[in-house]
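See below for the structure under consideration.
The values are calculated or read from the model by the stated rules, or taken from the named source; none is laboratory data. Computed from a predicted model, the values in this text were never measured in an experiment. Positions of Cβ are backbone-derived with ideal geometry, glycine not excepted, and every protein chain shown enters the neighbour counts. Accessible surface is based on the protein model in full, side chains and every heavy atom, while ligands, DNA and RNA are left aside. Shrake-Rupley method; radii C 1.70, N 1.55, O 1.52, S 1.80 Å.
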Amino acid sequence: MDPVSQLASAGSFRVLKEPLAFLRALELLFAIFAFATCGGYSGGLRLSVDCVNKTESNLSIDIAFAYPFRLHQVTFEVPTCEGKERQKLALIGDSSSSAEFFVTVAVFAFLYSLAATVVYIFFQNKYRENNRGPLIDFIVTVVFSFLWLVGSSAWAKGLSDVKVATDPKEVLLLMSACKQPSNKCMAVHSPVMSSLNTSVVFGFLNFILWAGNIWFVFKETGWHSSGQRYLSDPMEKHSSSYNQGGYNQDSYGSSSGYSQQASLGPSSDEFGQQPTGPTSFTNQI
């Protein structure tokens, strides 16, 4: 049997039914959707400029843009409606920092989720050895939860800027020909942003998954068990001291009551000596 088959046979795939491994598998899948919908995006818009002199018009001005959304580098030429001169323009804005940060977090989250899932399945004993694996897993989970929150929020703001910069109405305002009422400028095709909207949704879903998984990873660490042990020990000591106090009180009460009862009754010796007094007095008389 080859090593791959031996490793597969030795793996315990039942752990995927547990919340810890199941959430890791979901994180892996959602991370793929996050960076695929953002990093693989390419779109564009189409404008038309109808000049008074029809020979100077351009009814199909295509403007294409894509990830990482360095819009200030996207250039295009438009007619000026003043002869054959052309005006070279560029879109406004740069959302590359937020987009690249979001995709980077998604890629590293995918890689870590894949590695953690493999460890859960094939190396579960080594994972729990010396509590080092759960501790590292807990710290990384907290860090990625924070990164997903920051990255998704930043990319949501970046996407809002991209939508404004690629709005056909905003782009038409950049053209000098469109500022003349005699020329007709209009948007033929607007960019489709549905996949980018989906990427933001998957970003916040990843944050929810990673934040929710903090508890299940925390339960694997020694902190959770030591905390329960610390809470249970004082309760056991309190209950044992209470039982001892009650037992001593009962025994003391029973012994004292017995002693009092014994002291109230006459002893057999005293009862037997009572008739000797009068008899000896009679004999003396």
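Computed from backbone phi, the HN-Hα couplings of the range 184-200 come to 10, 10, 8, 8, 8, 8, 9, x, 9, 10, 5, 5, 5, 4, 5, 5, 5 Hz, rounded to whole numbers (Karplus: 6.51 cos²θ - 1.76 cosθ + 1.60, θ = phi - 60°; Gly and Pro given as x). On the accessible surface of the range 15-221, probed at 1.4 Å, how many percent belong to carbon and sulfur atoms? Looking at the range 15-221 in its full context, I get 64 percent from C and S.
Once the mean of 1/r is taken over each pair of separate Cα atoms and inverted, the range 15-221 shows a Kirkwood hydrodynamic radius of 19.5 Å. Across the range 207-212, coupling constants 3J(HN,Hα) worked out from phi with the 6.51/-1.76/1.60 Karplus curve, θ = phi - 60°, read 4, 5, 5, 5, 5, x Hz, and Gly and Pro carry x. What is the extension gain from GLU82 to ASN131, computed as 0.36 nm multiplied by their sequence separation minus the C-alpha to C-alpha distance, in nm to one decimal? Once the chain is fully extended between GLU82 and ASN131, it gains 10.1 nm. Computed from the alpha carbon atoms alone, the convex hull of the range 102-154 holds 53 Å³ per residue.
Between the range 40-58 and the range 156-180, the C-alpha centres lie 14 angstrom from each other. Protection proxy ranking for 123-134, 198-209, using the average of other Cβ atoms within 10 Å per residue and placing the highest first: 198-209, 123-134. Of ILE214, ILE139, ILE61, the order by accessible heavy-atom surface (1.4 Å probe, DNA, RNA and ligands excluded), from most exposed downward, is ILE139, ILE214, ILE61. Only protein heavy atoms count here; on that basis, with a 1.4 Å probe, SER48 has an accessible area of about 10 Å².
Averaging sequence separations of C-alpha pairs under 8 Å and six or more residues apart, then dividing by the length of the range 15-221, give the relative contact order as a whole percent.
Relative contact order comes out at 33 percent.
Less than 5 angstrom separates the built amide H of GLY44 from those of PHE65, VAL192, all sequence-distant by 5 or more or on a different chain.
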